[in-house]
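Step one of this worksheet: look at the structure below.
All of the numbers you see were taken from the coordinates with simple rules; none came from a lab. These numbers were taken from a predicted model, which means no experiment stands behind them. All Cβ positions, glycine included, derive from the backbone under ideal geometry; neighbour counts span all protein chains shown.
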């Protein structure tokens, strides 16, 4: 168990550019979640997957955001035409149905849009 | 929106018990109380959860009132490493779609002081 990993850990981009983040969940976990956290706030849910199926999307996930989980393994979160308001920590978490009470979080990707 | 209310911040002397309260007066019968914590610059970490009985694990104890409208997380012997933001979350654990996303509030910032 190597834990949930995220890449990159930090990303600085200019407004209007596209960015993509990657999350590698714990290998046997079938559920994967994306959250966003701004300074001083708790994490906010964005979307989640059961295997490769995207089951739920938050209203926070505008049309500029897209998430995928091909083959039910790693996941990517893409933000198109970034805005300064997208600056935040993007957290990924995974869980399995056998330990459904616990979500394991990665260290996050901190995005700064200048 | 979060269904819980927590104090913004608390201090605790090192080695003493830290008691973190949480109000969840609108909790439903099928909702559990979860606690997570987030140490600076890390992703949230699961601590404990319960339905109506008191629970204890190696990290903490969870005391839920009989009417389930409030609960207290107890760290029996706080250390400096317990300094973190603690989140109380109510969540349906057995929804038809399985693991539901977590809805975080702002949490309580616990400072353990030497």
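Brief remarks follow.
- Within the protein assembly as shown, antiparallel bridges make up roughly 90 percent of the DSSP beta bridges whose residues both belong there.
- Cα point-scatterer Debye curve for the protein assembly as shown, base-10 log of I(q)/I(0) at q = 0.13, 0.16, 0.18 Å⁻¹: -0.78, -1.13, -1.34
- For chain A, the orientation-averaged shadow of the C-alpha convex hull comes to 6.7 nm² (one quarter of the hull surface).
- Whole-Å semi-axes of the ellipsoid equivalent to chain B (Cα gyration tensor, √5λ, descending): 23, 15, 12
- Counted by neighbouring Cβ atoms within 10 Å, the residues B:89, B:48, B:113 run from fewest to most as B:113, B:48, B:89.
- Taking A:67, A:93, A:53 as the candidate residues, the one with maximal mean-square fluctuation in a Gaussian network model of chain A, Cα springs under 10 Å, is A:53.
- Ratio of Rg to Rh over segment B:31-81 (Cα coordinates, Kirkwood Rh, two decimals): 1.00
- Neighbour-count ranking [beta-carbon atoms within 10 angstrom, fewest first] of B:77, B:24, B:49: B:77, B:49, B:24
- For A:53-61, mean number of other protein chain Cβ atoms within 10 Å: 1
- This ranking places B:37, B:81 by how few other beta-carbon atoms lie within 10 Å of each, fewest first, which gives B:81, B:37.
- Measuring nothing but how far apart in sequence close Cα pairs (under 8 Å, 6+ apart) lie, relative to its length, chain B scores a relative contact order of 37 percent.
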